[in-house]
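Read-outs throughout are calculated quantities, based only on the coordinates presented, and are distinct from any laboratory measurement. Since we're looking at a predicted model, the values are computed, not measured. Here the Cβ positions follow ideal geometry from the backbone for every residue, glycine too, while neighbour counts run over all protein chains shown.
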Amino acid sequence: MAVLVLSACILYILKSRTEEPAPTSRIVTLPKIEIEEDIRGNIVIIIDDFGYRDDNVSEGFLSLDADLTFAVIPGHQNSKVFAAKADQNGYEVIVHMPMESTNETRGEKEYMLTTSMTSNEIESRVEEVISEFPEAVGMNNHQGSKATSDKRIMNILSNVLKRHGKYFIDSRTTSETVAEITMRFRGVHTIRRHVFLDNENKQNKIREQLYKLVDKAESIGLAVGIGHARINTLEVLKQEIPKLKEYGFKFQFASFAVK
Ligand SMILES: [Zn+2]
């Protein structure tokens, strides 16, 4: 009887040891996770509306020393040349897809996604643009307050982007947008824009907006800002990027941010 009780005790001790190892010994043996402690926040900056110009301003953006993402509007004289040049210079390139706005929209009519188009027309228009920009790894919307709040258009767009493995950044030109939620639901990697940098085209205002983006990056770890291919935006970035890097912020491509 004593032998039986003793064996049962030993069995119990062995069982509890195998099932519940001491938590302290587990922690010690866990592999060390690499945390880049010197990074204060990840900043993603997308510059929209490339394609219109080929001058000191567009060249200036190509000399900024940071991982930036450049969004090129299809169909303009300098669109394809700029996309290729940006890619060769090590920047990330995305398509800046013209989409219907609730306001009067100018230009890019032959590229724009509109609510009056059939589903096949929308699909072939997106396919065409993707084939025109082999460098582009993703897309965001140019204007599009009407199109991004239209579930049918966003569903069709998500199908094409998924087929090609491209991501989508919701520029959020309207609070009614369903772009981000549709993309996520359909398995297209996506994120939203947090801060517009240059709605007011003045250097002091752009700097203010940039530091709103910086604060957000510091508080939540990562923030996405959108600016435009304009001289004032270029000047502010030229001045602030080196400082921000020195302060411990890291510039990342949009592909780093999408999930
Ligand atoms: Zn735009």
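Inside the range 134-162, can you point out the residues that are within 15 Å of the ligand (Cβ to nearest atom) and among the polar types (S, T, N, Q)? Result: Asn140, Asn141, Gln143, Ser145, Thr148.
If you take the residues of the range 71-103 that are under 17 Å from the mean Cα position of the chain (by Cα) and within 12 Å of the ligand (Cβ to nearest atom), which of them is surrounded by the fewest Cβ atoms within 10 Å (Cβ to Cβ)? Applying the filter and picking the extreme gives Ile73.
Residues in the range 51-66 that are away from the ligand (no atom under 16 Å from the Cβ), out of contact with any helix residue (DSSP H, G or I) (no Cβ under 8 Å at 6 or more places or on another chain) and part of a loop (DSSP other than H, G, I, E, B): Asp55, Ser63. The condition (being of a type in the set (Gly, Ala, Ser) and assigned to a helix (DSSP H, G or I)) is satisfied by just one residue among Ala83, Ala71: Ala83.
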